[in-house]
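J.: This is the structure, below, for whatever I ask next.
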Amino acid sequence: MKNGIKITLTLSIVCLVAGLCLGAVYRQSRPSIEARQRADEEKRLKEIFPESDDFEEKTGVLPKMIEKYFIVKNKGSLLGYVFVCSNYGYSSDIELMVGVDAKGNVAGVKVLAQSETPGLGTRIEEPDFINQFKGWNDALCKSGKVNFDSITGCTISSKAVFNEIVSALELWDKLGK
């Protein structure tokens, strides 16, 4: 009985010390981790709008699939918006950045994260697939005349990307007006 109490007390003290050390390390490294994340995010935003010099992040209550968005400016004038979207594909969430210019046309799409089936679903990142959405706008999507080349064998992943882009364009339509 005494041996069990001694082991429990020893393990509790070890866990407490380890937890305190981990918390201290986290507190020290958090600012640099956040700065690195902001720099990485700005780099991805600049891939869609290279001429931009200001990104204003917006969050809050947003439509389905939209996690957050950025108002993108250059020298104070609006260039467009970048929407961070997420939708479930075949086997994972597919996270995209969809850039929509001030006129409402898709300026660029970047896959941020996905864990789809290797060799099939991962093809959503290929330039031939992702670049076909450039120039799309909300009016085109609403007309029902939109056509896109789905990837053979990965219809669910292709459709998830399509739905995210349509969702971003719908939000642009609300924001742009």
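J.: Give the residues of the stretch 127-147 that are surrounded by fewer than 14 Cβ atoms within 10 Å (Cβ to Cβ), assigned to a loop (DSSP other than H, G, I, E, B) and touching a residue at least 12 places away in the same chain (Cβ under 8 Å), sorted by residue number.
T.: Lys134, Gly135
J.: Just checking, how many residues over the stretch 1-60 are outside any helix (DSSP H, G or I) and of a type outside the set (Val, Ile, Thr)?
T.: Total meeting the criteria: 12.
J.: Could we say that Thr59 is closer than 22 Å to Ile165 by Cα, out of contact with any helix residue (DSSP H, G or I) (no Cβ under 9 Å at 6 or more places or on another chain) and of a type in the set (Ser, Thr, Tyr) here?
T.: yes
Residue-by-condition table, conditions (1) surrounded by 12 or more Cβ atoms within 10 Å (Cβ to Cβ); (2) modelled with pLDDT under 90:
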site	(1), (2)
Ser32	no, yes
Ala35	no, yes
Glu41	yes, yes
Ile48	yes, no
Thr59	no, yes
Tyr69	yes, no
Gly76	no, yes
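J.: Give me the pairs, please: first residue somewhere in the stretch 86-113 and assigned to a loop (DSSP other than H, G, I, E, B), second residue anywhere and among the aromatic types (Phe, Trp, Tyr), beta-carbon distance under 9 Å, and either six or more positions apart or on two chains.
T.: Close Cβ pairs (under 9 Å, with a partner that is among the aromatic types (Phe, Trp, Tyr)) amount to Ala102/Tyr81; Gly104/Trp172.
J.: Looking at this structure, is Gly153 loosely packed, with under 12 Cβ neighbours inside 10 Å, assigned to a loop (DSSP other than H, G, I, E, B) and in the same structural domain as Ser91 (by TED's automatic domain parsing)?
T.: no
J.: Identify the single condition in (1) closer than 22 Å to Lys64 by Cβ; (2) surrounded by fewer than 20 Cβ atoms within 10 Å (Cβ to Cβ) that Thr122 does not satisfy, given that it satisfies every other one.
T.: Only one criterion in (1) closer than 22 Å to Lys64 by Cβ; (2) surrounded by fewer than 20 Cβ atoms within 10 Å (Cβ to Cβ) is unmet by Thr122, namely (1).
J.: Considering only the stretch 148-155, I want to know if a residue exists there that is over 15 Å from Asn87 (Cβ atoms), among the small types (Gly, Ala, Ser) and modelled with pLDDT of 90 or more.
T.: Within the stretch 148-155, not a single residue is over 15 Å from Asn87 (Cβ atoms), among the small types (Gly, Ala, Ser) and modelled with pLDDT of 90 or more.
The values are calculated or read from the model by the stated rules, or taken from the named source; none is laboratory data. Keep in mind that this is a model prediction, so the values were computed, not measured. Cβ atoms come from the backbone with ideal geometry, glycine included; neighbour counts cover every protein chain shown.
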